[in-house]
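The numbers here are math on the coordinates, done by the rules we state, and not lab data. Everything numeric here is computed off the predicted structure, so don't read it as measured data. Virtual Cβ from ideal backbone geometry, glycine too; neighbours counted across all protein chains shown.
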Amino acid sequence: MKFFATLATLALAGLAAAQSANFGLPAENVELKAGSETIVQIQRPNTLTSSTEIGVAIGLSTLDEPADEVFGTVLHTGPFEPKYHESRSPPYQNFTVTIPEGTKKGKAHLTIAHATLIGAGPYPDLQTLNRTVTIV
């Protein structure tokens, strides 16, 4: 019985990994100016498993705060509707966010929380992604 439970857990983990979103922009370690706008591109490659997008949230936190525990300042929340734009790129959606004036200068975490329903069940999944940027 434990074998089937383990197999089911691995299958669900595989489905979740197949539905993963990725950072397109900004690049790792890019400089972002406090008080300015930047584009956050979230990519979501196609998969064979059906899924329903729930939405995304984008946050910014300093390196003093552990990225796996603190989301930081919320820059955006809303629906996620990735679409094809170029044939060589996976479906994606761009979000224009403003880096708050007065954000502490130095290294920071840009964080994405991506929520989706996977498969026929469906299975709810929450994914978080972190990218290190430098606030100037």
Say each of residue 27 and residue 98 gets a label point 7 Å from the Cα, pointing the same way as Cα to Cβ; how far apart are those two points in nm?
2.7
Among 60, 110, 48, the residue with the largest mean-square fluctuation in a Gaussian network model of the chain built from Cα contacts under 10 Å is 48
If we count other beta carbons within 10 Å of each Cβ, what is the order of 97, 74, 56, 133, fewest first?
74, 97, 133, 56
What residue among 65, 86, 37 shows peak mean-square fluctuation when the chain is described by a Gaussian network model with Cα springs under 10 Å?
86
Relative contact order of the chain: what whole-number percent is it, with Cα pairs under 8 angstrom and at least 6 residues apart?
32
Express in nm, to one decimal, how much length is gained between residue 52 and residue 69 on full extension, taking 0.36 nm for each residue of separation and deducting their alpha carbon distance.
3.5 nm
With angles folded into 0 to 90 degrees, how steeply does helix 2-18 sit against the dominant principal axis of the chain? Use alpha carbons for both and round to 10.
40
If the reach is capped at under 17 angstrom between alpha carbons, list the aspartates and glutamates near residue 104, excluding any in the same chain fewer than eight residues apart.
31, 37, 64, 65
Can you tell me which of 103, 49, 111 moves the most in a GNM of the chain? Springs connect C-alpha atoms under 10 Å apart.
49
When a footprinting reagent is the concern and you count Cβ atoms within 10 Å, what order do 123, 92, 84 take, fewest first?
84, 123, 92
Give the Rg/Rh ratio for the stretch 2-135, taking Rg as the radius of gyration of the Cα atoms and Rh as the Kirkwood radius, to two decimals.
1.02
